[in-house]
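See structure below.
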Amino acid sequence: MAPAGSYFQEAALPEQRLVEGVPFPAVLVPSDAAAAGGGSGVGEFLAAVRSERASRVEPLLRAAGAVLLRGFPASNAADFDRAMDAFGYEELPYVGGAAPRSNVVGRVFTANESPPDQKIPFHHEMAQVPTFPSKLFFFCEVKPKSGGETPIVLSHYVYKRMKQKYPEFVEKLEKDGLIYTRVLGEGDDPSSPIGRGWQSTFLTKDRTIAEERAAKLGMTLEWTDDGGVKTIMGPIPAVKWDESRGRKIWFNSMVAAYTGWKDGRNDPVKAVTFGDGSPLPADVIAGCGEILEEECVAIPWRQGDILLIDNWAVLHSRRSFEPPRRILASLCK
């Protein structure tokens, strides 16, 4: 049931999980009143977002960590861009991220454009740099023919399970943090899941400006003879404290880097180490990957779906898929 006069009502999907008594993710669909009143246009949807964001959407996001909006009239990139304006969160420029992306319209970008046969492992968005989005949106413009879900998992619950299973590892991780190392080409490599070149990464073709922007991120650059650059970030915390919820979170890209940062320039085993430079144990990485898969929720995309993720609460990934599939994204400070 929806509150009286609300445009939104909660719904249940078979893929949802009950985590510590809370449905994950939360799901919102048009209310019976909205449907009966003919409020099915994009304008009505955008007005409802503006008027009910604080009262309806944000409490659910805080409780659940992610909210799926399904059945609303956003159908293309322009509608999604207008929805981003309606939500009113400040945009975060994509500086320092690894994924190859293209700007579509306004503040809307493609999601990671790596090949469809590649899985993208679980990660918090831009966890390998100090300036990361607090929220991110995904939008399904074209649903996959098959596969292509964006699985999500609650970060504090992953931390709890890792602490139970690998207490000594987690203790060292909390003490030393992680160092991320990645070699970037000059231009983008769309065949790689981490194929963003340094010019796209730092939004410049000037090496001096790139170095200045890297320094602001706390990142060291080492230029290579072929025009590329080695980026070194860290030590950087791998476990953070979520002040608003009062809990520790598994805020890192450890599994993603160790298993997925692989291309002609990068060896994933060398892509991430403990903050003291010592290697990460392969068996623990594999065990963490298993926990992430066991605890995740993967809801098949439908055209028009908008998924809002609290980046302080939830890690996400991407499953391989059979094209077509077009998922768009927008990052918020």
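The values are calculated or read from the model by the stated rules, or taken from the named source; none is laboratory data. For clarity, every value in this text was computed on a predicted model and none was experimentally measured. Don't worry about glycine lacking a Cβ; one is built from the backbone with ideal geometry, like all the others, and counts go over all protein chains shown. Ligands, DNA and RNA are excluded from the accessible area calculation, which covers all protein heavy atoms including side chains. Shrake-Rupley method; radii C 1.70, N 1.55, O 1.52, S 1.80 Å.
A few remarks follow.
- Meets criteria (open to solvent by 40 Å² or more (accessible area, probe 1.4 Å) and touching a Gly at 6+ places or on another chain (Cβ under 9 Å)) for Lys165: yes
- Residue in region 135-157 that is β-branched (Val, Ile, Thr), open to solvent by 40 Å² or more (accessible area, probe 1.4 Å), closer than 29 Å to Arg82 by Cβ and not in a strand (DSSP E or B) present: no
- Selection status of Pro121, out of contact with any Gly (no Cβ under 9 Å at 6 or more places or on another chain) and either buried (at least 20 other Cβ atoms within 10 Å of the Cβ) or not aromatic (Phe, Trp, Tyr) (or both): no
- Per the conditions (1) part of a loop (DSSP other than H, G, I, E, B); (2) aliphatic (A, V, I, L, M); (3) modelled with pLDDT of 95 or more, the sole criterion not satisfied by Leu221 is (1).
- Residue match in region 114-124 (condition: within 28 Å of Glu91 (Cα to Cα), of a type in the set (A, V, I, L, M, F, W, C) and in a loop (DSSP other than H, G, I, E, B)): no
- Hey, Phe274 surrounded by 15 or more Cβ atoms within 10 Å (Cβ to Cβ), closer than 30 Å to Ala11 by Cα and of a type outside the set (Lys, Arg) or not: no
- One residue stands out among those in region 232-261 that are free of Cβ contacts under 8 Å to residues at least 40 places away in the same chain and in a loop (DSSP other than H, G, I, E, B): the one that is most open to solvent (accessible area, probe 1.4 Å), which is Glu243.
- The conditions of being surrounded by 17 or more Cβ atoms within 10 Å (Cβ to Cβ), touching a Cys at 6+ places or on another chain (Cβ under 7 Å) and modelled with pLDDT of 95 or more are met by Asp305.
- Residue that is surrounded by the most Cβ atoms within 10 Å (Cβ to Cβ) [pool: residues in region 168-212 that are among the basic types (Lys, Arg) and part of a helix (DSSP H, G or I)]: Lys172
- Single residue of region 47-59 satisfying the filter (within 23 Å of Asn311 (Cα to Cα) and touching a helix residue (DSSP H, G or I) at 6+ places or on another chain (Cβ under 8 Å)) that is surrounded by the fewest Cβ atoms within 10 Å (Cβ to Cβ): Arg50
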